[in-house]
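Here the structure is laid out as structure tokens; the discussion comes afterwards.
Throughout, read-outs are computed from the coordinates displayed, never taken from laboratory work. Since the structure is predicted, the reported quantities are computational estimates derived from the model, not experimental observations. For neighbour counting, all protein chains shown are included, and Cβ atoms are generated from backbone atoms with ideal geometry for every residue, glycine included.
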Amino acid sequence: MKKTLVIMAAGMGSRYGGLKQIDGMGPSGEILLEYSVFDAVRAGFDTVVFIISEAMRDQFPEVIGNRLSSRINVKYAVQSLTDLPPGFTVPEGRVKPWGTSQAILAATKIVETPFAVLNADDFYGREAFAVMADFLDSADPARFESAMVGYRIENTLSEHGTVTRGICRTSGGYLERIAEIPEIGYAPDGSIAYKTAGESGTLAGGELCSMNFWGFTPPVFKFLEKDFSRFLGEHGTELKSEWLIPVTVDDMIRSGETRVRVLESSGSWFGVTYPDDKPKVTAKIQSLVDQGWYPSPLFGGVR
């Protein structure tokens, strides 16, 4: 089964202060999205689509895309603030596009196969790509099928501050709902605590959470077109509203148009949420290289 990896990279330039300032995390200067591409290649993905901003159109291929093209078919889609359904306009003063769900929608005319979609600046691990590839290989491209890789919350935290995570409620291997829980972190006694506007509490650590690693078949685009119009009708005049994948997925589930299979990964997600996270991330990648999971340089050969 042909399958595509969609990487949401439109926000990279603003987060890193320009593409040329992207931090290398691997021992040979590799950035995190290169590990996603590497893991996707060995899981059988044949195409990667980078969702980029208009400002990145010329620079991204030069800095990142071209060096990957010998390993996988590389394509690009542009996420634009002004790419709206008929009848809608950009409110005066809004400068950012409409969120991660719009990023997926930007790939409508490019993606024709079952596909996975994920963040550019996160490390998801080899196991996550393997279980997602198995799901996509068994999916019917003509049916609306969906999946999510879930991580145990204890494998996604930072030692340097709190994070927001989408805690998942599942039943029979399928997602029932996602609750966004802010301010999750380690308490002084080592337990995992959270605090919301109305309550605080603790988590056991084994709860599944979403880290924005999703799998879909092409019929998702028809749903997204319809849901984007709904979102704009409700929030299109707001200057900072975001149409986010977890909320969209919740709409999919509630509508009954698809079920979302939960694919569990026992591996650790990691990323740089805080500056002090970088040394640990680089040490983790070095450890994986030392254990033989990845070569260095990364694209010196696919194992």
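What the table shows:
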| item | result |
| --- | --- |
| Among (1) on the phi > 0 side of the Ramachandran plot; (2) of a type outside the set (D, E); (3) touching a helix residue (DSSP H, G or I) at 6+ places or on another chain (Cβ under 8 Å), the one test that G256 misses | (3) |
| Out of I110, I31, I52, I7, sole residue that is aliphatic (A, V, I, L, M), surrounded by fewer than 16 Cβ atoms within 10 Å (Cβ to Cβ) and either more than 30 Å from G236 (Cβ to Cβ) or in contact with a strand residue (DSSP E or B) (Cβ under 8 Å, 6 or more places away or on another chain) (or both) | I110 |
| Answer residue from segment 130-159, given it is assigned to a loop (DSSP other than H, G, I, E, B), surrounded by 15 or more Cβ atoms within 10 Å (Cβ to Cβ) and in contact (Cβ under 8 Å) with a residue 40 or more places away in the chain and is nearest to the chain's Cα centre (by Cα) among those | T156 |
| Which numbered condition E62 misses (of (1) out of contact with any helix residue (DSSP H, G or I) (no Cβ under 8 Å at 6 or more places or on another chain); (2) surrounded by fewer than 15 Cβ atoms within 10 Å (Cβ to Cβ); (3) part of a loop (DSSP other than H, G, I, E, B); (4) not small (G, A, S)) | (3) |
| Test result for G166, among the small types (G, A, S), within 21 Å of Q79 (Cα to Cα), in a strand (DSSP E or B) and under 20 Å from the mean Cα position of the chain (by Cα) | no |
| Inter-residue pairs, beta-carbon under 8 Å, first free of Cβ contacts under 8 Å to residues at least 24 places away in the same chain and exposed (fewer than 15 other Cβ atoms within 10 Å of the Cβ) and in segment 70-93, second of a type in the set (F, W, Y) and in a loop (DSSP other than H, G, I, E, B), 6+ apart | L81/W98 |
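Residues are listed down the side, and each one gets a yes or a no for (1) more than 30 Å from A107 (Cβ to Cβ); (2) of a type outside the set (S, T, Y):
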site: E207; (1), (2): yes, yes
site: W214; (1), (2): no, yes
site: K240; (1), (2): no, yes
site: S255; (1), (2): no, no
